[in-house]
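Read-outs: derived from the displayed coordinates by stated rules, not from any lab. Note that the structure is predicted; figures quoted are calculated from it, not measured. Every residue, glycine as well, gets a Cβ built from its backbone with ideal geometry; the counts of neighbours run over all protein chains shown.
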Amino acid sequence: MLHMKEIRLHGRGGQGTVLASQILVSAAVREGKYGNAIPFFGFERRGAPLAAFVRFDEKRIREKTQIYTPDCVVVMDPTLVHASNVFDGLQEGGAVVLNDRKMPEEAKLPTTVGRLGVVDATGIALEVLGTPITNTPMLGAFVATTSWIGLEALLSALQEMMRGKQADANARAALLGYERTRVLDMQPGRAEAHLL
């Protein structure tokens, strides 16, 4: 049985971070889970750092607050790894999903990280969407890294929340994010990167 998962997404205004949190909740609901998404903006301008918070569980969720001890941190913009405390409160053995071109072994991470997923979401977004909006490739990377939501549920939620050509392009970006994510298991005694 799944216990409540808490995910904190960090991005910049214009990268689709808040929409990504809503899509994640929609995907969770498609699988019979309960979920909620809470945005936190700070300065509301394009390019400014922002966070969004997602919870999902198999039972009703009463919490409506920010997330201070996430099970997973998703970093949509590689510059945020150095610019803010994105890893604060990460649970022991928690997951991290990074938008970066580096190999997972090169990432500088806190010792609490149990699993790391790295994908060049910006490259995928430019290739498929023609713009550096990284939310959908990062959602695919989240699924590949955690397996907490199924790929079919994610793609279905994307098709519902976006229409027409935009939905098809974003579904392709999410699929490529899923396929190109490099995952490193950092549990004690296991440090082997493998492509999903």
About its Cα centre, the range 81-196 carries a charge dipole, from +1 on Lys and Arg Cβ atoms and -1 on Asp and Glu Cβ atoms, whose size in debye to the nearest 20 is 180 debye
For Val97, other-chain or 5+-apart residues with amide H closer than 5 Å (H placed, Pro excluded) are Val73, Val74, Val75, Gly117
The ³J(HN,Hα) series, computed from each phi in the range 115-128 with the Karplus coefficients 6.51, -1.76 and 1.60 at θ = phi - 60°, rounded to the nearest Hz and given as x for glycine or proline, is 8, 10, x, 10, 8, 7, 5, 5, x, 5, 4, 5, 5, 9
To the nearest 20 debye, the range 93-140 has a Cα-centred charge dipole, built from +1 on Lys and Arg Cβ and -1 on Asp and Glu Cβ, of 140 debye
For the chain, the dipole about the Cα centre with charges only on Cβ (Lys and Arg +1, Asp and Glu -1), to the nearest 20 debye, works out at 440 debye
tail above 21 Å in the computed P(r) of the chain, as % of all Cα-Cα pairs, reads 45 percent
